[in-house]
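Worksheet: the structure to be examined is printed underneath.
The values are calculated or read from the model by the stated rules, or taken from the named source; none is laboratory data. Predicted, not measured: the structure shown is a model, and the values here were computed from it. Here the Cβ positions follow ideal geometry from the backbone for every residue, glycine too, while neighbour counts run over all protein chains shown. Please note that ligands, DNA and RNA were not included when accessible areas were found on the heavy atoms of the full protein model with its side chains. Shrake-Rupley method; radii C 1.70, N 1.55, O 1.52, S 1.80 Å.
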Amino acid sequence: MSLLPPRWRLPYVALLTVVGLLLSASALQAYRLSGGRRPWEPFLWEFSSVAVIGLLVLGVHSLMGALRGRPWPQQLAAHALALPLFSGLHIAGMFGIRLLVYGLVGVGYHPDDLPTLLVFEGGKDAVSYLSFCLISRGVWMAGAAAARARELDRARRELAEERLARLADQVQPHFLFNTLNLISSVMYEDVARADRLLCELAALLRQTLAAQQRAEHSLADELALVQPFLALMQARFGRERLVVEIQADADARACRLPALLLLAPVENAIKHDVARHRGRVTVSVRAERDGERLRLTVSNHADQPLPATPPLPPERDGGLGLRNLRERLQARYGNAARVDFGPQAGGMRLAMELPCTS
């Protein structure tokens with residue numbers, strides 16, 4: 001039994017017991033019809049055979065494992081030696097148990113002569129040995145297939161994590177370059193203000209670097225990054241031009257999501273509306289939890305629908321920020337996440353829906 005893992009020992013003993021009971025019940029019927037007067041005898045006969053077979057099967061299974069991958073001639077030679085050993089041990093163990101029990105209860109026992117036993121039991125043992133070899137081979141093959149599946153799944157997870165890390169690495173340069181471009185326009189107008197904005201940007205970048213190391217965090221942590229960024233943009237454009245609305249209930253804030261997921265959509269909302277309009281623009285970030293789903297919306301709308309400069313082509317499917325976001329969600333959640341992006345009255349709207357894990 002030491003060949004079995006501890007968690008399989010009790011089920012294996014239970015299986016042998018059930019098999020022994022079924023065989024004993026069948027033998028008991030034939031025993032009574034033949035005039036037998038000791039009902040315990042069929043149970044002794046069958047359980048002595050099942051007990052020895054149960055131990056030998058473990059050895060057969062180990063042998064099949066050791067022979068995996070060996071050339072067929074070596075396997076055939078090993079089975080040619082193992083089969084007589086299997087039959088001999090079965091016969092010796094089975095009749096040894098029977099003789100011991102009969103001796104303890106003081107009842108005579110006279111088995112058939114040895115040649116008859118070898119022929120009769122040997123034929124059954126050959127069939128049993130072949131059956132156990134086939135079953136064991138199937139078990140080893142199933143185990144190998146399961147191990148390959150686990151290894152493939154592990155490799156896929158590692159590849160997905162590596163891809164997520166690569167995509168996350170793209171977020172920070174994209175965000176940084178656009179933010180620096182915005183700040184650069186202030187440098188020749190108000191040096192002190194530009195210096196203050198750069199200090200605020202440095203503090204924000206430290207936070208984003210820490211978030212990148214976590215790869216995933218709660219929506220509350222993500223909003224803690226978005227809010228300073230929006231404050232930085234309000235300092236850049238002025239609070240009279242950029243109005244910020246953030247709405248997220250406690251259940252939604254507890255959901256986990258990839259780090260830095262919202263920075264690019266929020267940055268795009270500002271770049272494609274606030275930077276192109278003279279009037280006031282409202283940028284909204286909303287989150288709500290619906291059962292096991294998290295719904296996120298980043299939208300904007302301008303009070304003055306006509307832009308001050310020629311409009312830029314909408315990033316419906318392209319653009320590094322939106323493309324990065326789609327790829328990150330696909331890598332993390334597959335088809336369980338959905339992204340919708342398009343115009344709404346007076347602005348644009350990005351809606352995301354993904355599983356909520358806490």
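Points to keep in mind about this one:
- Any hit, region 42-50, residues being at pLDDT below 90, open to solvent by 50 Å² or more (accessible area, probe 1.4 Å) and assigned to a helix (DSSP H, G or I): no
- Breaking point among (1) of a type in the set (A, V, I, L, M); (2) open to solvent by less than 50 Å² (accessible area, probe 1.4 Å); (3) closer than 24 Å to Asp112 by Cβ, for Val60: (3)
- Test: residue in region 337-344 that is small (Gly, Ala, Ser), within 27 Å of the chain's Cα centre (by Cα), assigned to a helix (DSSP H, G or I) and surrounded by 13 or more Cβ atoms within 10 Å (Cβ to Cβ): no
- Filtered residue count, region 248-281, keeping only those that are open to solvent by less than 10 Å² (accessible area, probe 1.4 Å) and at pLDDT 90 or above: 3
- Residue in region 222-243 that is more than 33 Å from the chain's Cα centre (by Cα), among the β-branched types (Val, Ile, Thr) and on the phi < 0 side of the Ramachandran plot present: yes
- Any helices (runs of 4 or more DSSP H) falling wholly within region 214-282 and containing at least 1 residues that are over 20 Å from Gly347 (Cβ atoms): 219-237, 250-253
- Unmet requirement for Ala302, which otherwise passes all of (1) open to solvent by 10 Å² or more (accessible area, probe 1.4 Å); (2) at pLDDT below 80; (3) of a type outside the set (D, E, K, R): (2)
- Qualifying residue in region 191-200 (condition: out of contact with any Ser or Thr (no Cβ under 6 Å at 6 or more places or on another chain), under 26 Å from Ala287 (Cβ atoms) and not small (Gly, Ala, Ser)): yes
- Residue that is of a type outside the set (Val, Ile, Thr) and either more than 30 Å from Leu354 (Cα to Cα) or open to solvent by less than 10 Å² (accessible area, probe 1.4 Å) (or both), where the choices are Ala203, Ala215, Ala231, Ala235: Ala235
- Residues within region 1-35 that are closer than 30 Å to Ser62 by Cβ, part of a helix (DSSP H, G or I) and either open to solvent by 70 Å² or more (accessible area, probe 1.4 Å) or aromatic (Phe, Trp, Tyr) (or both), tallied: 11
- Hits in region 99-147 (condition: assigned to a helix (DSSP H, G or I), modelled with pLDDT under 90 and either open to solvent by 70 Å² or more (accessible area, probe 1.4 Å) or farther than 30 Å from Arg68 by Cβ (or both)): Leu114, Pro115, Thr116, Leu117, Leu118, Val119, Phe120
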